[in-house]
1. Given R₀ = 35 Å, FRET efficiency for E507-Y670 by Cβ-Cβ distance, to 0.05?
2. Which whole-number value in Å³ per residue fits the convex hull of the alpha carbons of region 300-340?
3. Where Lys and Arg each count +1 and Asp and Glu each count -1, what net charge lies around D845 among other residues with Cβ under 11 Å from its Cβ?
4. At 0.36 nm per residue, minus the direct Cα-Cα distance, what do S497 and Y388 gain on full extension? Give it in nm, one decimal, please.
5. List every residue whose amide H lies under 5 Å from the amide H of L354, counting only residues 5 or more places away in sequence or on a different chain, with H placed 1.01 Å from N in the peptide plane.
6. ³J(HN,Hα) across region 235-249 via Karplus (A = 6.51, B = -1.76, C = 1.60, θ = phi - 60°), whole Hz, x for Gly/Pro?
7. From Cα coordinates alone, what are the radius of gyration and Dmax values for region 69-111 in angstrom?
8. May I ask you to compute the full-extension gain from W822 to D650, defined as 0.36 nm times their residue separation minus their alpha-carbon distance, rounded to one decimal in nm?
Amino acid sequence: MHKNNFLAKSVRFALIGGVTATTLTVPAVFAADEDGAKVERIEVTGSRIKRTDLETASPISVFSSEDIAASGAVTLEDFVQNIPAINGGAEGSSVNNGSRGYATASLRGLGSGRTLVLINGRRFASGDLNSIPTAYVERIEVLRDGASTVYGSDAIAGVINFITKKNFEGAEFNVQYDVTGEGDGDKTLFSLTTGTSSERGNVVLSLQYTDRKAIGQGDRDFSACPISENANGKYCSGSGTIPQGQFFYADGTPSSDGYIKDKTTGQVRLFDPTKDAYNFAPASYMVTPQEVFSINGAGRYEITDTLSTFIEGGFTNRQSDQLMAPEGTFWGPLMPASNPYNVTGEDIYVVRRLSETGGRGFSQDFSDYRMVFGFEGSLGNYDWDLAYNFARYVDTRLDTGRVNPTRVDTMLDPDLCAADSDCPGVWNILEENTLTDAMLAYMLVPNSPVVRGETRQLQGNISGGVGIELPGGEIMFAAGFEKRWEEYSNTPDGAASIGQIYSVAGEPTSGEYSVNELYTELDLPILEGVAFAESLRATAAVRYSDFDFLDDSTTNTKFGLEWVPVDGLMLRTTIASGFRAPGIGELFSPQSETNLAYTEPCKQYATGAQSATVKANCAAEGLPGNFTLSSNQSSTVVGGNPDLKPEESDSFTAGFVYSHDIGITMSVDYFNIEITNGIGTAGTDNVINGCWSSENFSSPLCQFVKGPSLTGDAPHATSPYRSALGTVAGILLTNANLSTFETAGYDFDFTYKTDLMSGSFSATLNGTYLEKYDYTPFDGADKVEAAGKVAADQWETTLAVFSKLRTNLNLTYTMDNWSVGWQTRYQSEGEDLYASASNLDNIADAVWYHDVQGTYYVFENTALTVGVRNLFDQEAPYITNNQDMNTIPVSYDTAGQYWYAKVNVKF
């Protein structure tokens with residue numbers, strides 16, 4: 001009974017992932033042991049073969065619905081993005097600039113597109129974590145190695161599989177309210193889940209509503225004003241695009257520096273960033289608001305003892321918003337000398353903040369649909385299922401406060417204005433509050449694009465024994481097919497389609513593809529119950545994929561080995577090849593302009609610590625030795641590329657699992673993933689610093705610096721690479737097949753459970769140590785070593801802290817009708833990849849968050865919970881080269897301390 005002893009321990013300690021409860025996948029399949037007793041076979045993420053033990057060669061973390069509740073998370077974003085194996089710059093509530101309202105997850109920091117998100121082992125179109133309600137989730141299974149052979153493309157980094165509630169009986173009602181220690185950022189949750197069963201089947205229905213209020217950047221001291229640095233230290237600064245207009249002489253004289261018309265004297269003087277810069281923080285969100293309503297249901301009916309039918313359905317509507325500072329004439333329109341308000345008498349380029357508009361608003365009305373219908377059953381000793389999965393999303397967007405650049409040009413030029421009967425008058429762009437209502441109506445235009453995506457999936461599977469016995473038992477197999485169709489379309493606003501909205505793509509894009517796939521798996525129990533081999537088994541899998549838009553098909557393999565030398569100890573390893581075809585959005589998403597942070601290589605270069613090569617290049621641009629910037633954001637073009645080729649990967653894991661009857665379970669797993677022909681972007685920071693560090697701008701990265709003409713910015717007086725404002729402009733960062741990615745490190749888990757006094761105590765530690773995170777942003781470029789650094793996330797095109805160490809520690813004590821819990825979340829520091837001696841702070845500090853929670857069971861079916869997340873109100877750390885809010889918002893808790901209260905009632 002050695003196998004069953006190990007199974008009992010595995011169930012007890014619940015896959016070592018900190019699980020407080022584990023519910024096995026249904027329907028159950030049973031096999032008889034040597035005593036004739038029935039042992040349940042289950043299916044675990046990463047394999048279609050149902051087995052009698054939970055531990056496999058592949059490392060898996062399992063988190064139950066109780067774990068989600070114990071975290072105090074209102075949304076799955078709050079929970080999943082705190083898993084230590086998650087790294088990099090995934091989208092979420094702290095992303096304001098450039099957000100789509102999505103919440104994503106990035107295993108190993110390799111990008112959300114390489115992390116396959118499933119619902120009950122099946123794909124859904126959007127991949128948005130907001131579309132999955134917490135109340136409907138039974139557990140989360142996180143597969144931490146490549147799974148292309150089982151689930152197909154997109155699983156290079158791993159899989160996050162959300163298992164929903166089935167066989168649910170009764171009703172469960174939840175109400176939760178959260179508020180920060182500052183009294184803002186309210187979160188509200190209402191959910192109801194109900195279900196009933198009969199002898200033949202079960203139905204379950206779940207409703208959930210969540211509401212998250214906004215927090216402004218001006219509402220926190222650390223982000224209330226953009227910080228800049230000079231020889232005297234830090235000072236409150238902001239953007240050089242200011243409400244009274246900063247201007248530059250079109251012919252570059254008398255200086256390449258910016259000028260303003262002084263508000264007090266009316267005289268022309270040099271722009272002074274220490275007192276003239278525009279503070280955009282109070283008009284920008286720190287935490288973006290959203291409302292999400294979802295309804296999900298599932299049903300299962302046994303037609304006969306060997307045949308069942310099932311159905312799943314879900315609908316989610318998300319209303320989300322972002323708010324940024326008012327639009328500006330960032331491109332630098334020409335104010336001709338003929339304009340009567342031009343105080344210089346010469347042609348000038350003017351960057352001016354349109355403060356009269358109140359801000360730029362971005363909203364999404366996002367609807368996500370999912371429907372699954374299928375049959376499953378058994379034929380003798382074989383189990384089979386056949387299912388059709390339909391998933392679709394429609395993302396209707398509305399941007400307000402956007403500007404028509406053509407009409408700005410018209411209002412600045414008296415001749416053009418006179419020729420246009422609709423022109424409300426010539427505009428004085430060099431003073432604040434000079435835009436009349438008529439001018440605003442003339443120059444502003446809303447933007448309302450619509451994005452759609454669709455996934456259709458027909459798949460069938462069969463599994464069972466092959467009738468061949470090995471010393472360890474019967475050889476088991478699984479095999480199946482999958483036919484999948486993907487569609488995507490982006491329909492721009494009518495004004496954008498004729499180029500009348502600044503920085504908005506106007507070309508409609510759409511595309512579709514299909515794929516045919518076949519797979520098979522084998523489970524080979526080589527030995528059992530002999531000396532030094534309580535169990536020894538090998539696994540193998542192969543998958544054939546044929547995409548209709550690719551020239552060649554591909555075949556990928558995976559092999560695993562599990563060895564239990566003594567009861568309670570398992571040694572395991574996997575090796576796999578992976579394949580990822582370009583995603584539908586990577587191929588066909590429109591090209592659009594964004595502004596991404598970068599480290600300026602020429603900042604104060606005359607007295608700085610830059611190399612001789614950098615200094616020579618800065619001087620060749622005609623920049624003064626004391627060159628500085630009022631903004632560190634570069635206009636960048638991002639978007640899809642229909643000429644992309646597939647990625648290929650190799651992954652390797654090796655580790656052990658140990659459990660003991662005294663209540664201890666632990667595991668350590670090494671991982672290594674290599675990706676070739678990887679899809680991504682070169683990264684604004686990488687491009688600029690790599691280019692400027694090369695002699696005479698000779699690096700291949702320099703070809704991505706197209707200059708201000710790419711984005712329509714006013715040219716710099718002396719440098720072909722910069723806009724009139726001084727920032728590097730026109731970076732082309734559309735998706736491309738880059739050279740290589742390689743990441744390696746260790747996952748570790750430790751669980752201890754015991755009776756203590758009159759109650760029970762449990763401790764769970766899980767973490768990831770990132771040993772290596774290397775990539776080459778372009779074939780021939782220098783390798784970027786990002787582990788332990790603040791670097792550009794190649795997938796999300798934003799700066800992120802690639803912490804070397806991320807850990808979670810959970811302590812829980814339960815007695816009678818109450819329980820208390822404490823959780824600490826730690827992430828190590830990150831050093832700016834392009835650290836400069838002239839910067840005051842090149843380190844994004846390590847942080848240690850503490851959460852506490854207490855629950856009291858008032859009645860047998862009613863629990864009251866109160867808790868605090870970020871108990872000590874740990875503030876997001878400052879770093880000179882920051883992305884936004886003077887920090888790296890995707891990597892830190894920007895909202896601060898959160899108090900919450902929750903009521904759970906079960907009937």
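All of the numbers you see were taken from the coordinates with simple rules; none came from a lab. Note that the structure is a prediction, hence the values are computed from the model and not measured. Cβ coordinates were reconstructed from backbone atoms using ideal geometry, including for glycine residues, and neighbour counts include every protein chain displayed.
1. With R0 = 35 Å, the Cβ-Cβ based efficiency is 0.15.
2. Given the Cα convex hull of region 300-340, per-residue volume reads 167 Å³.
3. Summing Lys and Arg as +1 and Asp and Glu as -1 gives -4.
4. 35.5 nm
5. Residues meeting the amide H criterion: E327, G328, T329.
6. Rounded to whole hertz, the list is 8, 6, 10, x, 9, x, 8, 10, x, 9, x, 9, 10, 9, 5.
7. Computed over the Cα atoms of region 69-111, radius of gyration and Dmax are 10.6, 32 Å.
8. Difference between extended and current length: 58.1 nm.
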